[in-house]
Amino acid sequence: MSSYIRKAMMQDVKAIHALLMSCASKGQLLPRSLSSLYSHLRDFHVLVDRDDERVLGCCALTIFWADHAEIRSLAVVEELKGRGFGRKLVESCLSEAVTLGVYKVFTLTYVSGFFARLGFEEVEKDVLPQKVWTDCLNCPKFPDCDETAMLLVM
């Protein structure tokens, strides 16, 4: 099977949503609503099957402030996990961050080992920009967040 990474398009939203909801049901990440995905579509990179354009993975880069962005909603279909596609999706987002001139990228994650292998370091949540917490207000786990905050300074 051959695949490639590209920016998400409108026709990808329902597949991204299904993938994220599948991962959320397993406790791997937090769910995202369809309306949130439509309004943040430009944040997403997708891994697609070259033959049928099926979405096999996704990752978002969300700009939070002049010097901070967040990696969020990283998901890969079960049958492709462990084959480097998650890493490629994150690297695609990090490349975009550099292109945009953003050199501090953080994530809130349940898989800190994965992000540590990419150079992210664990930090206290209070070092993240205050704007992050406006998103957290809508989270079902607020204020008892159980994710690990990690930061990469490029």
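The values are calculated or read from the model by the stated rules, or taken from the named source; none is laboratory data. Just so it is clear, the model here is predicted, and its values are computed rather than measured. We place every Cβ from the backbone using ideal geometry, glycine too, and count neighbours over all the protein chains shown.
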Quick one: in segment 25-80, of everything that is surrounded by 15 or more Cβ atoms within 10 Å (Cβ to Cβ) and in contact with a His (Cβ under 6 Å, 6 or more places away or on another chain), which residue is farthest from V123 (Cα to Cα)? L37
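Residues are listed down the side, and each one gets a yes or a no for (1) touching an Asp or Glu at 6+ places or on another chain (Cβ under 9 Å); (2) surrounded by 10 or more Cβ atoms within 10 Å (Cβ to Cβ); (3) at pLDDT 95 or above:
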| position | (1), (2), (3) |
| --- | --- |
| L100 | no, yes, yes |
| K104 | yes, yes, yes |
| E124 | no, no, no |
| W133 | no, yes, no |
| C136 | no, yes, no |
| D144 | no, no, no |
| A149 | yes, yes, no |
Considering each residue of segment 60-81, count those that are under 14 Å from S3 (Cβ atoms) and touching a strand residue (DSSP E or B) at 6+ places or on another chain (Cβ under 8 Å), and give that number. 3
Take the conditions modelled with pLDDT of 95 or more, within 16 Å of the chain's Cα centre (by Cα) and farther than 20 Å from A149 by Cβ and apply them to R54. Does it pass? no
Could you list, ordered by first residue, the pairs with Cβ atoms under 6 Å in which the first is in segment 106-129 and basic (K, R) and the second is not in a helix (DSSP H, G or I), at least 6 apart or interchain? K125/A149
Residues that are surrounded by 12 or more Cβ atoms within 10 Å (Cβ to Cβ) and in a loop (DSSP other than H, G, I, E, B), drawn from segment 1-24: A8, M9
